[in-house]
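> For reference, the structure I am asking about is given below.
The values are calculated or read from the model by the stated rules, or taken from the named source; none is laboratory data. Treat the numbers as computed from the prediction; the structure is a model and nothing was measured. Here the Cβ is made from the backbone with ideal geometry for all residues, glycine too, and neighbour counts use every protein chain on show. Each accessible area value is taken on the protein alone, full model and side chains, heavy atoms only, with ligands, DNA and RNA left out. Shrake-Rupley method; radii C 1.70, N 1.55, O 1.52, S 1.80 Å.
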Amino acid sequence: MLSVTEAQAAIHAHVPLLTITQTGLRELTGSVLAESIFMERDQPPFQRVMMDGIAVRSSTTTRDFRIVGTQAAGAPPLSLTRDDECIEVMTGAELPVGCDCVIPVEQIKRSTDRAQPLESAVISKWLNVHRRGSDALRGQSILQPGVRLGVTEIAVLASAGYATAQVRQSPRIALVSTGDELVEPGDPIENWQIRRSNTYALRSALEQHGHRQIIDRHLADDLPVLRHTIDVLLQENDVLILSGGVSMGQFDYVPQVLTELGMQCILHKIEQRPGKPMWFGVRSDGKAVYALPGNPVSTLICLYRYVLPGLLRSMASSTLPVERITLQKAVKVHPELTVFMPIRLKHDDQVGMQTELCPTRGSGDFISLLGTQGFVELPPAQGMIDAGTLVPFYRW
Ligand code: AMP
Ligand code: MG
């Protein structure tokens, strides 16, 4: 059996990389960049006016200017030749040639063709001018492969002139629930049956993390059915996430079926609670299967702890987000198993953020997850972990 750290390392060492594709700017959110991005031009590309006002020469001695033109944004630059003249300028325009200072409109008194700076107005070199190349230079490498594209990266890509970018293909994910007891929400249900909730929770989590190509299926605990359908799903998807059927029960056929379909078992069982029976495997054609235990708390915790980081790895992401949080109270842990425990973050106006551990009544008790923001990872230890200890935190 592997420890949590060993299990994560085994997954990251074996996840197959997705292929690289050229993707349009509108579809890039959440993708991982597979090329370097270079600045198309200096940023800003010209001496950019930062305020609506008048442009003058800072060496001038007058405080009474004749207005000789209007410089709009998006127009080629005008020129100023005299110290006692000025040009009206708009934010975003190129600074007229011969000027090096902008006096904001709020700081001038103007008549039809004259502008007089108020006494308090400052005239100095490069005032209110966003200087060419001050933020980035043409040809500069601004984004590197492995960066996950979010709001700020997309803004930079667009401004660097990229209509498309090379990224790792988003994984096509199939969610598969197994179990004869499971009934679809909305369908009639008997007392001895259970609602099929896991795939809905998994889908919600995956979508929140930017994964959009998701299908879901339900399969009975039936060997031929499992074998046939999982085979087809493996042909049509990159990643399968199964829930249920990986424990020691008589009808837990999932590991056997996956091996029969040519999946190489990388790990089965992790020294953790909940989620001990988890299975992970890969196939030589680049398919990956995460088979999670069916208990709802186990399924969700395994998704956040292993699957989401594994998916990022398969997209060749260079960083994995890790948050840490300080325990406010000592907590009793397990001598051999890593314990994942839900936690509530409370924002207090006086003392700032407070945390409260919220143990569940077992891995079937997902009602207790309501009102929690995620879970902490408590490594194995004899006795207690002290208050004040920094531990990994996974946010729902
Ligand atoms: P298993 O891992 O198949 O032994 O399932 C363990 C427990 O989780 C059983 O009580 C199942 O009914 C429950 N379970 C399995 N899959 C789901 C699911 N998709 N939604 C809700 N509960 C499930
Ligand atoms: Mg089952």
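> Residues being open to solvent by 80 Å² or more (accessible area, probe 1.4 Å) and closer than 29 Å to Trp126 by Cβ: count how many of those fall in the range 1-55.
4
> Next question, about the same structure. Output the qualifying pairs, or none if there are none: Cβ atoms under 7 angstrom, residues six or more apart or on different chains, first residue in the range 166-187 and over 30 Å from Thr21 (Cα atoms), second residue assigned to a loop (DSSP other than H, G, I, E, B) and more than 16 Å from ligand 2 (Cβ to nearest atom).
Val183/Ile189
> Out of the residues in the range 152-192 meeting the condition of being open to solvent by 70 Å² or more (accessible area, probe 1.4 Å), closer than 30 Å to Lys287 by Cα and modelled with pLDDT of 95 or more, tell me which one is farthest from ligand 2 (Cβ to nearest atom).
Per the stated criteria, the residue is Arg172.
> Restricting the search to the range 228-252, which residues are touching a residue at least 40 places away in the same chain (Cβ under 8 Å) and outside any helix (DSSP H, G or I)?
Asn237, Asp238, Val239, Leu240, Ile241, Leu242, Ser243, Gly244, Gly245, Val246, Ser247, Phe251
> Does the range 211-222 hold any residues that are assigned to a loop (DSSP other than H, G, I, E, B) and more than 16 Å from ligand 2 (Cβ to nearest atom), and which are they?
Of everything in the range 211-222, those that are assigned to a loop (DSSP other than H, G, I, E, B) and more than 16 Å from ligand 2 (Cβ to nearest atom) turn out to be His211, Arg212, Gln213.
> Is it fair to say Gln256 is within 23 Å of Gly362 (Cα to Cα) and outside any strand (DSSP E or B)?
Considered against the rule, which asks whether it is within 23 Å of Gly362 (Cα to Cα) and outside any strand (DSSP E or B), Gln256 comes out as no.
> Something else about it: Can you pull out the residues in the range 344-367 that are closer than 15 Å to Gly388 by Cβ and in contact with a Ser or Thr (Cβ under 8 Å, 6 or more places away or on another chain)?
Thr355 - this is the single residue of the range 344-367 that is closer than 15 Å to Gly388 by Cβ and in contact with a Ser or Thr (Cβ under 8 Å, 6 or more places away or on another chain).
> Here is a follow-up. Select from the range 226-260 the residues that are under 13 Å from Lys287 (Cβ atoms) and out of contact with any strand residue (DSSP E or B) (no Cβ under 9 Å at 6 or more places or on another chain) and write down the one among them that is most open to solvent (accessible area, probe 1.4 Å).
Gln235
> Here is a follow-up. If you go through the range 178-210, how many residues are in contact with a helix residue (DSSP H, G or I) (Cβ under 7 Å, 6 or more places away or on another chain) and either among the hydroxyl-bearing types (Ser, Thr, Tyr) or in a loop (DSSP other than H, G, I, E, B) (or both)?
Residues meeting the conditions: 3.
> If I go through the range 16-57 residue by residue, how many of them are among the hydrophobic types (A, V, I, L, M, F, W, C) and assigned to a strand (DSSP E or B)?
Residues flagged as among the hydrophobic types (A, V, I, L, M, F, W, C) and assigned to a strand (DSSP E or B) within the range 16-57 amount to 9.
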